[in-house]
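Before any comments, here is the structure.
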Amino acid sequence: MKTFFFKYASVAGMILLLIAAMSTPSCKKDKTCRGKVFVYDTAGQVVGNAKVKLDANAVNGDVTYEAYTDASGTANFEVKLPAIFDVTATKATFQNMEGNGVLRLDEPGKEADVTVVIR
């Protein structure tokens, strides 16, 4: 009788563990890529309110993101699909000048940054 009870309890316990494992939500990784662009002038000073544009050629067409730098010269981007972006930074008061760089956000969930100097 004891043996029967322990076998039955073991099977019931395994079934409960299996149900618990299947009902637990899976861990979803955040696949959003995050990039920062730091913009400086030729004197090494941060450039606030500069327009920063990210461009990438994608299978489904070109992808473009735009943002402006804050007072610390930083523009933040959240990108849903990984890509390698060409970076262009401009400022209206810096006539005919721009800064260029490359921001590599080429893996899901990747974080990267690039420094650009407006010349």
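Where strands (runs of 3 or more DSSP E) fall wholly inside the range 66-119, the ranges with 2 or more residues that are β-branched (V, I, T) are 74-79, 83-90, 111-117. Could you tell me which residue of the range 71-83 is farthest from the chain's Cα centre (by Cα), considering only residues that are surrounded by 13 or more Cβ atoms within 10 Å (Cβ to Cβ) and more than 16 Å from N49 (Cα to Cα)? Ranking the candidates gives A83 first. All of G35, G73 fail the test of being of a type outside the set (A, V, I, L, M) and either more than 23 Å from R119 (Cβ to Cβ) or out of contact with any Leu (no Cβ under 6 Å at 6 or more places or on another chain) (or both), apart from G73.
A quick yes/no check of all residues on (1) in contact with a strand residue (DSSP E or B) (Cβ under 8 Å, 6 or more places away or on another chain); (2) within 18 Å of G109 (Cα to Cα):
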| site | (1), (2) |
| --- | --- |
| G48 | no, no |
| G61 | no, no |
| E66 | yes, no |
| N76 | yes, yes |
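Filter the range 30-65 down to the residues that are of a type in the set (D, E) and in a strand (DSSP E or B), then identify the one that is modelled with the highest pLDDT. Once the filter is applied, the top-ranked residue is D55. Screening N96 with (1) without any contact (Cβ under 8 Å) to a residue 12 or more places away in the chain; (2) under 19 Å from the mean Cα position of the chain (by Cα); (3) over 29 Å from K29 (Cβ atoms) gives one miss only, at (2). The condition of being surrounded by 13 or more Cβ atoms within 10 Å (Cβ to Cβ) and within 15 Å of R119 (Cα to Cα) holds for only one of T88, T93, that being T88.
The values are calculated or read from the model by the stated rules, or taken from the named source; none is laboratory data. Note that the structure is predicted; figures quoted are calculated from it, not measured. A quick note on method: Cβ atoms are made from the backbone with ideal geometry, for glycine too, and the neighbour counts reach across all protein chains shown.
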